[in-house]
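Q: Let me give you the structure first, and then I'll get to my questions.
The values are calculated or read from the model by the stated rules, or taken from the named source; none is laboratory data. This is a predicted model, so every value here is computed, not measured. Cβ sites come from the backbone with ideal geometry, for glycine too, and all protein chains shown count toward neighbours. Just so you know, the surface numbers come from the protein's heavy atoms only, side chains and all, with ligands and any DNA or RNA stripped out. Shrake-Rupley method; radii C 1.70, N 1.55, O 1.52, S 1.80 Å.
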Amino acid sequence: PGQRVPLPEADDELRALAADFNALLARQEEAAQRLRRFTGDAAHELRSPVASIRVQAEVAVANPDPELARETLADVLAEAERLSALLDGLLTLARSDAGELSPAEAVELLTEARAAADRLPPGSPAVRVTGVVGQAWAHAAHSEVELVLNNLLRNACRYASSQIVVSVLPGHSTVRLVVDDDGPGIPPEHRDRVFDRFYRVGADRARTSGGTGLGLAMVAEAVRRRGGRVSVGESPEGGARFQIVWRSAGNVSTS
Ligand code: ADP
C-alpha cells in the first residue's frame, strides 16, 4: 500500500477530506494493479499463438514436402486468425478502459436479436427468438447490443447440442435479454469468474478451443458501463443461461 494522509484530530471537515483523499488513493492503486495484471495476462495470451506460428513456419521452411507445407500453413492461418481476434478484443477493452463511450440511444432488442440470429453461419444450432416487437427498448449504444448478442450467440452455438432460445422481456424500468442453450452449462463454482478477462472453464483453459477468453468480458463491460447487469445460471434444459439487464430507454431520466 502507498502512503496515506494521516487523519488530523479535532477538525471534522479536514478529517473527512483526508479520508476521501485516502479512499481515492486506494482506488487508484487498485486500478493500477488491475492494469498491470491485464497487461501481463495479455502478453501471456499473445505469446502462445505467436510461438505456435513460429514453430510451424520453421517446420514448413525446413521441410520440402509441399503437402506438409500446406497443412502447416493452414495451422498458421488458424493461429493468425486467433491472434487477430485477440488483438480486436484487446483494442475493444482498451477503448472501454479509456472511457470511450458511443452515445446511448433506444435500441429495440427483439429486432437486434433476430438480426444476430440471422447472421450466424449456416449449420449453426437452431435459434428460437421469443418476444414481442417494439416492447423492449434498451438504453445502450447499438454497437454494444450487437456485441452482446454476437458473443452470447457465438458461445451458445459452440456449446449447444441442438437448441438455443433467446428471450426478450420488457419490464417497467429495465429490459431483459436471456440466452439459453442445452449444452453442458457452466458449473456453479465458475459462474462468478466467467466474465473476467481471459477466464475459461474446464477443457477450454487449454486455449485450444479457438476462443480468446475475452468475449464475456467485453459483454460485461459493454453492459455495466450503462448501469446494466450480467449474470449466468442454468437454463431449463440444464445448459447455460446468460441474462442481461439494461435500463429501459423509456425510463431514462439522465443521459
Ligand atoms: P471464449 O473466447 O473462450 O469463448 P468467453 O469469454 O466468451 O471466451 O467465455 C469464457 C468461457 O466461458 C469459455 O471459454 C467457456 O469455457 C465458458 N462458456 C461461455 N459460454 C458458454 C456456454 N454457453 N456454455 C458453456 N460454457 C460457456
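Q: Could you order 37, 158 so the one with the most accessible surface comes first? Probe is 1.4 Å.
A: On the way: 37 140, 158 105 Å².
From most exposed to least exposed: 37, 158.
Q: Right, another one. Would you check the accessible area of residue 29, probe 1.4 Å, heavy atoms only, in square angstrom rounded to 10?
A: In the full protein context, residue 29 sits at about 70 Å².
Q: In terms of solvent-accessible area of protein heavy atoms at a 1.4 angstrom probe, what is the ranking of 159, 199, highest value first? Mind dumping the intermediate values first?
A: Values: 159 85, 199 30 Å².
In descending accessible area the options line up as 159, 199.
Q: When ligands, DNA and RNA are left out and all protein chains stay put, how many square angstrom of accessible area per residue does the chain have with a 1.4 Å probe?
A: Numbers: 14690 Å² over 255 residues.
Here the residues of the chain average 58 Å² of exposed surface.
Q: From Cα coordinates alone, what are the radius of gyration and Dmax values for segment 2-124 in angstrom?
A: Values for segment 2-124 (Cα only, Rg and Dmax): 25.2, 83 Å.
Q: Using the per-residue mean of other Cβ atoms lying within 10 Å as a proxy for protection, in what order, highest first, do the peptides 140-146, 88-94 fall?
A: Details: 140-146: 20.1, 88-94: 15.7.
Ranking the peptides 140-146, 88-94 by packing returns 140-146, 88-94.
Q: Just for the chain, what percent of DSSP beta bridges are antiparallel, to the closest 5? Write down the numbers at each step before the final one.
A: Values: 25 of 30 bridges.
Counting only bridges with both partners in the chain, antiparallel ones make up about 85 percent.
Q: Whenever you get a sec, compute what percent of the accessible area on segment 38-105 sits on carbon and sulfur atoms (1.4 Å probe). Walk me through the numbers before you get to the answer.
A: Numbers: 2660 of 4440 Å².
Solvent-exposed carbon and sulfur of segment 38-105 make up 60 percent of the total.
Q: Charges at C-beta only: +1 for Lys and Arg, -1 for Asp and Glu. How large is the resulting dipole of the chain about its Cα centre, in Debye rounded to 20? Display every interim value, and only then the final one.
A: Working: 29 positive and 35 negative charges, 39 e Å.
The calculation lands at about 180 debye.
Q: With every protein chain kept in the model, how would you rank 139, 190, 44, 172 by accessible area, 1.4 Å probe, largest at the top?
A: Details: 139 15, 190 35, 44 100, 172 155 Å².
Listed by decreasing accessible area, they come as 172, 44, 190, 139.
Q: In whole Å, largest first, what are the principal axis extents of the Cα atoms in segment 126-255?
A: 45, 28, 24
Q: Not counting ligands, DNA or RNA, and with a 1.4 Å probe, what is residue 53's accessible surface area in Å² rounded to the nearest 10?
A: 40
Q: May I pose another question? Working from the pairwise distances between different alpha carbons, so that the mean of 1/r is found and then inverted, what is the chain's Kirkwood radius in Å?
A: Values: mean 1/r = 0.0478 Å⁻¹.
For the chain, inverting the mean 1/r across all distinct Cα pairs yields 20.9 Å.
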